[in-house]
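Notes follow the structure.
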Amino acid sequence: DAGVTQSPTHLIKTRGQQVTLRCSPKSGHDTVSWYQQALGQGPQFIFQYYEEEERQRGNFPDRFSGHQFPNYSSELNVNALLLGDSALYLCASSIPTGGQPYEQYFGPGTRLTVT
Amino acid sequence: QQPVQSPQAVILREGEDAVINCSSSKALYSVHWYRQKHGEAPVFLMILLKGGEQKGHDKISASFNEKKQQSSLYLTASQLSYSGTYFCGTEIADSWGKLQFGSGTQVVVTP
């Protein structure tokens, strides 16, 4: 059973460019959350997608947008990249369980470097 | 608002015990604990719901004090495999799935 997969593994972009990161959830999972993890810090919640809609959003600017496809996979798009966007981007998938807190399974992440 | 974790780092010898604390200024619905090894994804350890329950995962257990809005993770008889950075993720009611993580506690277990 494949876990959460993310692509690409590493990415180098120039300031001002745009980037798209991809995530395939664990089999049977329908909810995808995205996190940004700066070096030496805990993951910061960007947003969560369920049924192809953004359900929750963290304190990130509109430059960060996402999408979820009918097969539950998801994309994270970042426009007008800044040096401060350099980080590990983690995707986590889960199955909401009727109003109870649920475990999130994390993928290996995409390391984005903005120069 | 992010929870506050303490200590920032701890060094243990195999077999020793340690406690990691996670405090929030907000009323919490749940606390999630994860361990992340260098260069790897965070791995889920356990979820604690409000109500003060205690859970265990091998010789790692945790408690949740609802009155103090604080959770503690207990590493008992530590093993080399326990090394890594431990994060608590907190969740408030009506924001399920939106985890706010602390800055982590780095644990190093030496032989």
Worksheet, complete the sentence: Ignoring ligands, DNA and RNA, the residues of the stretch A:12-57 whose accessible area with a 1.4 Å probe is reduced by 50 Å² or more relative to the chain alone are A:PRO43, A:PHE45, A:GLN56
Response to the item:
Rounded to a whole number, the Stokes-Einstein D of the stretch A:5-110 in µm²/s (Kirkwood radius over Cα pairs; 20 °C; 1.002 mPa s) is 154 µm²/s
Practice prompt. Please calculate how many Å² of accessible area the protein assembly as shown carries per residue, with a 1.4 Å probe and no DNA, RNA or ligand atoms counted.
Written response: 47 Å²
Worksheet item: So which residues in the stretch B:68-111 end up with at least 20 square angstrom less accessible surface once the other protein chains are there, compared with the chain by itself, probe 1.4 angstrom?
Response: B:PHE87, B:TRP96, B:GLY97, B:LYS98, B:LEU99, B:PHE101, B:SER103
Item to complete: Can you pull the one-decimal nm distance between simple spin-label points at B:ILE11 and A:LEU39, each 7 Å off the Cα toward Cβ?
Response: 2.2 nm
Fill in: Spatially proximal lysines relative to B:LYS67 (Cα-Cα < 20 Å; intrachain offsets below 8 disregarded)
B:LYS26, B:LYS50, B:LYS55
Discussion item. Counting other C-beta atoms within 10 Å, and keeping those with at most 16, which DSSP coil GluC sites (Glu not before Pro) do you find in the stretch A:29-115?
Written reply: A:GLU51, A:GLU52, A:GLU103
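Using a probe radius of 1.4 Å on protein heavy atoms only, what is the accessible area buried between chains B and A, both sides summed, to the nearest 100 Å²?
Answer for the B-A pair: about 1800 Å² buried.
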Worksheet, complete the sentence: Here the net charge surrounding A:PHE69, from other residues whose Cβ is less than 11 Å away from its Cβ (Lys, Arg +1; Asp, Glu -1), is -1
Worksheet item: Quick one: with all protein chains in place, what share of the accessible area of the protein assembly as shown is carbon or sulfur, to the nearest percent (1.4 Å probe)?
Response: 49 percent
Worksheet item: Normalized C-alpha radius of gyration of chain B, against 2.2 N^0.38 Å?
Response: 1.00
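Please give the average number of partner chain Cβ atoms lying within 10 Å of the Cβ of each residue in B:27-36, rounded to a whole number.
That works out to 2 on average.
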Discussion item. Using just the Cα positions, wrap the protein assembly as shown in a convex hull and report its mean projected area in square nanometres, one decimal place.
Written reply: 12.3 nm²
Response to the item:
Counting only DSSP loop positions in the stretch B:53-111, the trypsin sites (Lys or Arg not before Pro) whose Cβ has at most 13 other Cβ atoms within 10 Å are B:LYS59, B:LYS67, B:LYS68
Response to the item:
Largest fluctuation, A:GLN41, A:GLN104, A:GLN56 only, Gaussian network model of chain A with Cα springs under 10 angstrom, belongs to A:GLN41
Discussion item. I'd like the accessible area for A:THR115: 1.4 Å probe, protein heavy atoms, all chains in place, Å² to the nearest 10.
Written reply: 90 Å²
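The values are calculated or read from the model by the stated rules, or taken from the named source; none is laboratory data. None of the values given here were measured: they were computed from a predicted structure. Because the Cβ atoms are built from the backbone with ideal geometry, glycine has one as well, and the counts that use them run over all protein chains shown. Side chains included, ligands, DNA and RNA excluded: accessible areas come from the protein's heavy atoms. Shrake-Rupley method; radii C 1.70, N 1.55, O 1.52, S 1.80 Å.
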